[in-house]
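Data block below; observations after.
The values are calculated or read from the model by the stated rules, or taken from the named source; none is laboratory data. The model shown is predicted, which means the values in this text are computed figures rather than measured ones. Every residue, glycine among them, receives a Cβ derived from its backbone with ideal geometry; neighbour counts consider all protein chains shown.
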Amino acid sequence: MIRKIINFAILLPLAAILVIFAVANRHWATVSFDPFNSTDPSLSIELPLFVVILLSVILGVLAGGIATWFRQGRWRRAARRHEADAAAARAELAQNRPTGPLSRPSALLRPPA
C-alpha cells in the first residue's frame with residue numbers, strides 16, 4: 001500500500017512535467033540523416049521537438065542498459081557457477097546425512113525412557 005502511494009507521488013509529478021515539456025516544445029524540427037547536404041537532405045524527417053528529445057533520451061537509456069548488461073556478464077557467470085557449487089554441496093550434504101533414530105538432534109536430547 002505504501003509502495004503504491006510512493007509510486008503515485010513520484011509518477012504523478014513526473015507525468016505532469018512530461019506533459020508540460022511536450023506542450024512547450026511542440027513546434028516541428030527537421031531531423032536530417034544526410035551529413036553532406038544540409039540545405040536539401042535526402043534522408044530527413046520532420047517531427048515535433050519533444051518527440052526528438054524523448055526518443056533521444058529513450059535510446060540513451062537503452063544503450064546504457066545494454067552496455068551495463070554486457071559489462072556485468074562476468075559477474076553473472078560467476079554467480080551461476082557459485083550457485084551450481086552450492087547446489088552440489090547441498091546435494092552432497094543431504095546424501096551424507098546420517099539416517100536412523102539417533103540422527104535427529106531432538107532424539108539425542110531426550111532422556112532415555
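Here are a few things to note about the model shown:
- Of all the criteria given as (1) in a loop (DSSP other than H, G, I, E, B); (2) surrounded by 10 or more Cβ atoms within 10 Å (Cβ to Cβ); (3) out of contact with any strand residue (DSSP E or B) (no Cβ under 8 Å at 6 or more places or on another chain); (4) of a type outside the set (Ser, Thr, Tyr), the one not satisfied by residue 40 is (2).
- Test result for residue 92, closer than 25 Å to residue 19 by Cβ, charged (D, E, K, R) and without any contact (Cβ under 8 Å) to a residue 40 or more places away in the chain: no
- Within the stretch 83-98, one or more residues are part of a loop (DSSP other than H, G, I, E, B) and modelled with pLDDT under 85.
- Within the stretch 2-37, the set of residues being farther than 21 Å from residue 51 by Cβ, more than 23 Å from the chain's Cα centre (by Cα) and surrounded by fewer than 10 Cβ atoms within 10 Å (Cβ to Cβ) comprises 35, 36.
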